[in-house]
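Please read the structure below before turning to the comments.
Only the coordinates and a few stated rules stand behind these numbers; no lab work does. All values derive from a computational prediction rather than experimental measurement. Note that we place each Cβ from the backbone using ideal geometry, even for glycine, and neighbour counts take in every protein chain shown.
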2 protein chains.
Amino acid sequence: MDRRDPLAHLRDRFRLPEGLIYLCGHSLGPPPRTVGARAGQVISGEWEADLVAAWNRHDWVELPRRIGRRIAPLLGAGEDEVIAADSVSVNLFKLLGALLLRTPDRRAVLVEEGNFPTDLYMAQGLARLLEESGATLRLTAPEDFESSLGPDVAVATVSHVDFRTGRMLDMGALTSAARAEGVPLVWDLSHSAGAVHLRLNEDEVEFAVGCGYKYLNSGPGAPGFLYVARRVQDTLESPLTGWMGHASPFDFETRYRPAPGMRRFLAGTPPILSMAALDEGLRTFEGVDMAAVRRKSVELGDLFLRLAGERLAQFGVVPASPADARRRGSQVSLRHPDGYALMQALIARDVVGDFRGPDLMRFGLAPFYVRYADVRDAVEALRLALVNEEHRQARFRQQKLVP
Amino acid sequence: MDRRDPLAHLRDRFRLPEGLIYLCGHSLGPPPRTVGARAGQVISGEWEADLVAAWNRHDWVELPRRIGRRIAPLLGAGEDEVIAADSVSVNLFKLLGALLLRTPDRRAVLVEEGNFPTDLYMAQGLARLLEESGATLRLTAPEDFESSLGPDVAVATVSHVDFRTGRMLDMGALTSAARAEGVPLVWDLSHSAGAVHLRLNEDEVEFAVGCGYKYLNSGPGAPGFLYVARRVQDTLESPLTGWMGHASPFDFETRYRPAPGMRRFLAGTPPILSMAALDEGLRTFEGVDMAAVRRKSVELGDLFLRLAGERLAQFGVVPASPADARRRGSQVSLRHPDGYALMQALIARDVVGDFRGPDLMRFGLAPFYVRYADVRDAVEALRLALVNEEHRQARFRQQKLVP
């Protein structure tokens, strides 16, 4: 399978330690081969060489938009529909806040509680801030989300791919259901952008946020992005009205006037070093067909689940991810009561996934650098760890916190 | 003066192009000599070497607090009173929002209109977001600020050092005046941190934000910081309740609970590359006495203004900065009707300051790398440009936008 993989050459675009099977791209992607040189260029060739003049000479001011244009094709979006800025958390606040402002007669913020927790927390903080206007936070179980889309909901947010199980929603169908109820829906694409085949325009998605440091391979805490469909961009006022989102940021007017288009979602001065690393991470997508990425991702996931069924079920390992690839992102999760210790044992065997309580082992299957043989070897390593009862060893049981 | 300068050795901590007089540290500080190596270390020695495990192994999670501990002594603050995060704009929103939440019976946000525009805009966006709760934005002229501190003001914000003129306020006196009116005052230290001698605790300051990329020399768009006095930290709820500000971020609880202390002011995942550069910028302050920095800054400013008076006044150049050093930050601004073209002519003579409309030439006098001779040479270059009427040359008159 690796020999006939049309994407096999992409692995060379990254630096991965010899002998390591890295199945943690859903948390932090590996460094692109060129990112060190790019950082050096920004520091020596731009900042040092040109000092303050570098803002113009190297067009740092436009970096958020230039990066947006690189992200757009990965989302099935127009190039003026995406911009890079801040963190996923802060970007979600901008969209939720703008949508609450746009709909004063609806006050509920509906959040699917399976979202990554920071999404829940940001919505909670926003509802708290707007409490006096009647804003409320409504958390729902995943299975109740769609039926909770009602006439009092100002805005709803949901993750396309669930960070725990890799479950992927039908984006077109849910967007359409929300629209039927008049509810703007903000998609969190953190666990899908760069790993699954997104078609935001085709699915008539209006709002989304996403993450730079997972499948976009752009480094720890890389800035996030926002997507807003062209036709509704100018209906929104961001609540975080920083100077970079002003129509004329360098005219130093006393009053804020929003820039046209996506630039209105910028707030403060962008962190150029981290932005440049994001730009470089996105360069690894040059010339890559996302449909082919998705095909490989599905095959990796199907293989992983099939081998896990054949070789691990007898040890009490249970799949937590959908068997149907159409409902699964680029991640496979397995349950085991000793999942934490098992994952530590796996890491000791140079197979890196991660663990989420109470019992989930997560494996990110990034098609850019994960090989079919890696999947086979990871399952075999897990089988050996179980055979040898390594998860009972004290050294693997002591929990440490990781993001 | 340079020969007897006890801080002269600090210039070696930076990379500055040979022959250039850089008087623009109030906009973008130059790179510390070690920042390239630090970025390389983060990329190769941490991200590449340890991938996701680097979050723990290199303690990236604690970087915002570790940086806060480096900033604290520059502010005259306790080490648990400062944290690095996001941008100045976003950090100001957090504090203004938290203070509006704390005082539901007061609704005005008072802003001195001489603040850097992003501060005005962020306050405007917050007031707009909370319009239904009666929140309003009140902009005042600098001279009316103190008398506008009244019983309906929920929170006020002001810049310690004015970005246009370098005018510095009496921090202790104004803080005390605001307290007498029951108004929490948020100081913007963007143009003072690292350049003047701050004593936040002594002046009983409760709230401040500041910038990493000016006198902290930490790179374009470096993250900003927040300061909150210890005794009031736990009275505030940040409106941007991201997971990094949660009491137990890695427990993935459904509900947000604020972390104790300054960590509650974190929102999303911090951009580690830009954070590491900030950490490295702050290392240039190791072993430096801020009182000595201030003494040199005052001498540089006094010298600049004296020479400008002697040599430039006859050409219609007028000082815009206070003559009294106690009321002046680490910047000198000069007015001239052709200020823009004159600054371009100066830059062509390898003297870099910047221009703000309509007629201000700004010169940042960062004591870490600006020499007394640089001040003499800058004034002389400006005199020669005037003598030669270089500001009348078309090539210097075409305006370009710069941050």
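From the P(r) of chain B, can you give the percent of Cα pairs sitting at distances over 28 Å? So the portion of pairs separated by more than 28 Å is 49 percent. Averaged over peptide A:65-71, the number of partner chain Cβ atoms lying within 10 Å of each residue's Cβ comes to 0.
Taking springs between alpha-carbon atoms closer than 10 angstrom, which of A:Glu18, A:Glu390, A:Glu181 fluctuates most in the Gaussian network model of chain A? Sorting by GNM fluctuation, first place goes to A:Glu18.
Of all beta bridges that DSSP places with both ends in chain B, some 55 percent have antiparallel geometry.
Here the calculated FRET efficiency for A:Ala394 and A:Met1, from their Cβ-Cβ distance with R0 = 25 Å, stands at 0.05, rounded to the nearest 0.05. For the protein assembly as shown, the Cα gyration tensor yields ellipsoid semi-axes of 47, 29, 24 Å (square root of five times each eigenvalue, largest first, whole Å). Looking only at region A:1-26, which residues have a backbone nitrogen under 16 Å from a spot 7 Å from the Cα of A:Glu286 in the C-beta direction? Residues passing the 16 Å test: A:10-14. Distances between placed amide hydrogens fall under 5 Å for B:Phe14 paired with B:Arg33, all partners being 5 or more residues away or on another chain. When the alpha carbon gyration tensor of region B:211-351 is reduced to an equivalent ellipsoid, its three semi-axes come out at 43, 18, 15 angstrom, largest first.
Coupling constants for region B:122-139 follow from the phi torsions by the Karplus curve (6.51 cos²θ - 1.76 cosθ + 1.60, θ = phi - 60°), and in residue order they are 5, 5, 5, x, 5, 4, 5, 4, 9, 3, 5, 8, x, 5, 9, 9, 10, 8 Hz; glycine and proline get x.
Just checking the listed ones, A:Val52, A:Val228, A:Val379: in the Gaussian network model of chain A with Cα springs under 10 Å, the one fluctuating most is A:Val52. Structure remark: mean-square fluctuation, Gaussian network model of chain A, C-alpha springs under 10 Å; the largest value among A:Ser87, A:Ser321, A:Ser176 belongs to A:Ser176. In this structure the amide hydrogen of A:Phe355, modeled in the peptide plane, comes within under 5 Å of the amide hydrogens of A:Arg362, none closer than 5 places in sequence on its chain.
Computed from Cα atoms, the angle from the helix A:171-180 axis to the main principal axis of chain A rounds to 40 degrees. Hand me the trypsin sites (Lys or Arg not before Pro) from region B:309-403 located in a DSSP loop with no more than 11 other Cβ atoms within 10 Å, in residue order please. Loop-located and lightly packed - B:Lys400.
Mind giving me the FRET efficiency for A:Asp144 and B:Glu253? R0 is 22 Å, r the Cβ-Cβ distance, nearest 0.05 is fine.
0.65
Distances in nm, one decimal, shortest first, from A:Gly134 to the same residue in every other copy, taking the label point 7 angstrom along Cα→Cβ. Ordered by increasing distance: 1.8 nm. For region B:36-283, averaging the sequence separation of C-alpha pairs within contact (under 8 Å, six or more residues apart) and dividing by the residue count gives a relative contact order of 23 percent. Think of region A:36-283 as a dipole: +1 on every Lys or Arg Cβ, -1 on every Asp or Glu Cβ, centred on the Cα centre; then among A:Tyr121, A:Ala195, A:Gly219, A:Gly219 lies furthest on the positive end. Counting Cβ atoms of other protein chains within 10 Å of each Cβ in A:108-118 and taking the mean gives 3.
Backbone geometry of region A:198-204 corresponds, through the Karplus equation with coefficients 6.51, -1.76 and 1.60 at θ = phi - 60°, to 3J(HN,Hα) couplings of 8, 9, 4, 5, 4, 7, 6 Hz, x marking Gly and Pro. Simple spin-label estimate for B:Glu202 and B:Thr34 gives 2.8 nm between the two label positions (7 Å along the Cα-to-Cβ direction from each Cα). Sorted from nearest, the other copies put their A:Asp234 label points 5.1 nm away, the label point being 7 Å from Cα in the direction of Cβ.
What is the dipole size for chain B, taken about its Cα centre, with +1 at each Lys and Arg Cβ and -1 at each Asp and Glu Cβ, in debye to the nearest 20? Don't jump to the answer; show the numbers that get you there.
Values: 49 positive and 52 negative charges, 154 e Å.
About 740 debye.
For region A:308-322, backbone phi angles converted through the Karplus equation (6.51, -1.76, 1.60; θ = phi - 60°) give residue-by-residue couplings of 4, x, 6, 10, 10, 4, 4, 9, x, 8, 10, x, 9, 9, x Hz, Gly and Pro being listed as x.
Using the C-alpha atoms of region A:147-192, what convex hull volume per residue, in cubic angstrom, is computed?
Working: hull volume 3.3 nm³, N = 46.
So the per-residue hull volume is 71 Å³.
Between identical copies, the spacing of A:Arg392 label points, each set 7 Å from Cα toward the C-beta atom, reads 9.5 nm from nearest to farthest.
Using Cβ point charges alone (K and R +1, D and E -1), the dipole size of the protein assembly as shown about the Cα centre works out to roughly 1240 debye.
Toward the positive end of the charge dipole of chain A, with +1 on the Cβ of Lys and Arg and -1 on the Cβ of Asp and Glu, the farthest Cα among A:Trp60, A:Leu382, A:Ala84 is that of A:Leu382. Amide H contacts of B:His246: B:Ala259, each under 5 Å away and 5 or more positions distant or on a separate chain (H built 1.01 Å from N in the peptide plane; Pro and chain starts excluded). Among the residues of A:237-249, the average count of other protein chain beta-carbon atoms within 10 Å of the residue beta-carbon is 6. For region B:120-224, the dipole from Cβ point charges (+1 on Lys and Arg, -1 on Asp and Glu) about the Cα centre works out to 440 debye, to the nearest 20. Taking the Cβ-Cβ separation of A:Asp50 and A:Val318 as r and a Förster radius of 56 Å, what is the calculated FRET efficiency to the nearest 0.05? Working from the Cβ atoms, E equals 0.45. The angle between the Cα long axis of helix A:339-348 and the longest principal axis of the Cα atoms of chain A comes to about 80 degrees, rounded to the nearest 10. The residue among A:Ser297, A:Tyr369, A:Pro271 whose Cα reaches farthest toward the positive pole of the charge dipole of region A:268-374, with charges on the beta-carbon of Lys, Arg, Asp and Glu, is A:Ser297. In summary, region B:17-145 shows an alpha-carbon radius of gyration equal to 1.44 times the 2.2 N^0.38 Å reference for compact globular proteins.
Put the Cα centre of region A:69-124 next to the Cα centre of region A:240-318 and the gap is 13 Å. For the listed peptides A:67-76, A:248-257, a ranking on the average number of other beta carbons within 10 Å per residue, highest first, reads A:67-76, A:248-257.
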